[in-house]
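The values are calculated or read from the model by the stated rules, or taken from the named source; none is laboratory data. All values reported here derive from a predicted model rather than from experimental measurement. All Cβ positions, even for glycine, are placed from backbone atoms using ideal geometry, and neighbour counts span all protein chains on display. These accessible areas exclude ligands, DNA and RNA; they are computed on the full protein's heavy atoms, side chains included. Shrake-Rupley method; radii C 1.70, N 1.55, O 1.52, S 1.80 Å.
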Number of protein chains: 2
Amino acid sequence: MIKVSVLYPNTAGAKFDMDYYLTKHMPMVKQKLGAACKSMAVEEGIAGGGPGAPATYAVMAHLGFDSVDAFQAAFAPHAQAILGDIPNYTHTQPTIQISKTRM
Amino acid sequence: MIKVSVLYPNTAGAKFDMDYYLTKHMPMVKQKLGAACKSMAVEEGIAGGGPGAPATYAVMAHLGFDSVDAFQAAFAPHAQAILGDIPNYTHTQPTIQISKTRM
């Protein structure tokens, strides 16, 4: 199993329309990726590690797939629709990481 | 539900002893945190978002708790044992983030 993590930085003053993201963007992503997407989780940053420290990421999304190939095959045909929707809820640029689940 | 994410940077040349981490560190953390820790996931970074880009994080761990209070109550008595074990598997400094699950 692999995870695709989409990490939106918690930039001071940056807008992030959580309502649009949860009710429009992510359901659209789920529909486009179809059965290849085995799991979908969204977390909203509330704090950093130290006392009073801000969260590094405003939002983290984690999508599970059987393999990198399965992710790429599901994502490529819809990349434009999915990435093109980002400006509708934020002007920040997410960091994307692909990971292998180990535990 | 909240998630505590521990993000180890993928620093060039940095050591990360995955075997120690998976077989010694995380089982110790699980035992110390006890029933307050509702879930535990570990992911190993394999790629970044662009072609040939490295993963931002070598390892990401995500621990689930009912609330921030529940996490702090479980973690505080064992902070020294848990944090003191980090140099046994890496010399990098993890970024820590607390998030609220939204989906």
Give the stretch A:81-93 a look and list any residue that's open to solvent by 30 Å² or more (accessible area, probe 1.4 Å) and in a loop (DSSP other than H, G, I, E, B), or say none. A:H91, A:Q93
Can you tell me which of B:P27, B:P77, B:P9 is within 10 Å of another protein chain (Cβ to nearest Cβ) and surrounded by fewer than 20 Cβ atoms within 10 Å (Cβ to Cβ)? B:P27
Looking at A:P51 and the list (1) within 14 Å of chain B (Cβ to nearest Cβ); (2) in contact with a strand residue (DSSP E or B) (Cβ under 9 Å, 6 or more places away or on another chain); (3) under 28 Å from B:Q72 (Cα atoms); (4) open to solvent by 40 Å² or more (accessible area, probe 1.4 Å), which single condition is not satisfied? (2)
When you check A:A55 against the structure, is it at pLDDT 95 or above and either not in a loop (DSSP other than H, G, I, E, B) or not small (G, A, S) (or both), yes or no? no
Looking only at residues that are closer than 21 Å to A:V68 by Cα and outside any helix (DSSP H, G or I) in the stretch A:30-45, which one is most open to solvent (accessible area, probe 1.4 Å)? A:K38
